[in-house]
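Student: One structure is given below, represented as structure tokens, and several questions about it will come after.
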Amino acid sequence: MELVPFSSPAEIYIINTCAVTARAGAQSRQLIRRALRANPEARLIVTGCYAQIAAQEILEIADSPICIVGNSCKHRLVEVALAERHCDLEMHLGDLAGHKEICPLTVTSFGERTRAYLKVQDGCNSFCSYCIVPYARGRSRSLAPDRVVAQAEIFAGQGYKEQVLTGIHLGHYGQDLTPRSNLRELLALLLARNLPVRYRLSSLEPTEITDELLTLMAGSPAVMPYLHIPLQSGDDRILQRMNRRYPAATFATVVEQIVARLPDVAIGVDVLVGFPGEDEGAFRNTHSLIESLPVSYLHVFPYSRRPGTPAAGMADQVPKADKEERVALLRDLDHKKRTAFHRKHLGSIRQILVEGRKQGCLLRGYTGNYIPVSFEGDNALVNQLVTVRLEELTDDGVLGRVV
């Protein structure tokens with residue numbers, strides 16, 4: 001097989017779709033049409049979340065044969081792609097709702113990336129009112145600890161210096177296993193292997209950041225002082241409408257506890273702006289809460305209706321102009337938070353995992369607490385951990401110097 005650009009004619013197209021927003025679904029359909037135009041005779045395989053929840057819509061796009069592979073059958077992608085018989089409007093969806101085991105997909109490489117993503121959990125049981133993910137990914141299920149360790153060892157053997165533990169609902173790791181386990185126990189198991197790796201956690205719900213997890217993070221230099229926590233709203237009424245299971249005060253307490261245990265920690269926060277019923281008072285509560293907390297950066301998203309979710313049919317949809325104005329205010333707050341966090345660490349000496357060159361000039365990488373740093377150095381430093389002094393703020397991070 002030879003990998004070719006998506007813009008080139010190919011004999012096999014595999015399109016991994018998204019359904020997190022209605023726009024993502026539309027973009028997935030556009031990619032399918034592009035592939036059909038590029039080579040109507042190609043074998044076209046469509047997988048991912050949009051394929052899982054809208055298989056019939058995909059089949060109606062064209063008369064050409066399309067093979068749909070659901071999220072619980074992704075381990076069959078190679079088999080389907082290389083089958084002797086051409087796809088004939090086939091669907092391999094499986095019983096996702098009843099699926100109790102994570103899809104067995106061992107990964108050996110992330111191409112040119114310097115960090116590997118170690119998926120340990122899939123699915124979600126939370127059913128937030130704006131979210132299609134539980135319908136597209138099924139119920140929460142975890143990768144057995146021995147398989148997690150085996151995958152981590154593969155990545156370490158391939159030379160990846162950083163591994164990110166990921167999942168749709170990472171904090172639910174282990175609840176479905178026998179015997180039951182949890183994320184802290186999994187991290188402890190990985191650390192006991194003493195692999196030449198630093199670990200980073202992806203998104204965790206605020207109620208799932210336990211004292212035991214913070215104690216482990218504080219005591220291990222191999223676990224990066226970084227947490228990404230979805231807030232979504234700082235207004236209790238809106239949180240209830242979202243079916244989020246915590247009040248704003250709990251979120252604030254969790255953030256303060258994290259900073260007390262991990263003084264250099266970077267805390268990222270997701271915010272969903274313009275959810276149905278969000279008036280000016282509710283938005284002010286969100287803005288004020290975030291402004292008062294020692295968070296490092298924000299990911300700000302305007303709410304958009306996702307067909308198939310309870311929120312799509314709610315009254316009091318927020319006008320587009322109001323959403324745009326509120327998004328702009330929070331993105332301005334994000335800039336202030338990032339800048340203050342970066343400035344706070346000027347003069348410190350940090351280990352940087354070098355990811356490559358920034359626009360062909362300076363080397364670029366991230367500190368353990370996720371500060372983007374650029375500095376001069378040789379190409380031999382790429383994918384190496386380098387000690388750097390943080391010296392000067394830039395528009396998109398910090399300028400440093402190797403020490």
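Student: Residue check: is HIS287 touching an Asp or Glu at 6+ places or on another chain (Cβ under 8 Å) and not in a loop (DSSP other than H, G, I, E, B)?
Tutor: The answer is no for HIS287.
Student: In the stretch 251-282, what count of residues is obtained for those that are touching a residue at least 40 places away in the same chain (Cβ under 8 Å) and either hydrophobic (A, V, I, L, M, F, W, C) or more than 22 Å from PHE301 (Cα to Cα) (or both)?
Tutor: 18
Student: Could you list all residues from the stretch 210-236 that are more than 24 Å from ASP279 (Cα to Cα) and charged (D, E, K, R)?
Tutor: ASP211, GLU212
Student: Specify the residue that is nearest to TYR135 (Cα to Cα); the eligible residues are those in the stretch 33-52 that are of a type in the set (A, V, I, L, M, F, W, C) and surrounded by fewer than 20 Cβ atoms within 10 Å (Cβ to Cβ).
Tutor: Checked the stretch 33-52; the qualifying residue nearest to TYR135 (Cα to Cα) is LEU36.
Student: Something else about it: Against the conditions (1) touching a residue at least 40 places away in the same chain (Cβ under 8 Å); (2) part of a helix (DSSP H, G or I), where does ARG139 fall short? Just the number, please.
Tutor: Single failed check for ARG139: (2).
Student: Shifting gears a bit: Of everything in the stretch 298-310 that's buried (at least 18 other Cβ atoms within 10 Å of the Cβ) and in contact with a Phe, Trp or Tyr (Cβ under 7 Å, 6 or more places away or on another chain), which residue is farthest from ASP270 (Cα to Cα)?
Tutor: THR309
Coordinate-derived values only; no laboratory data. Just so it is clear, the model here is predicted, and its values are computed rather than measured. Because the Cβ atoms are built from the backbone with ideal geometry, glycine has one as well, and the counts that use them run over all protein chains shown.
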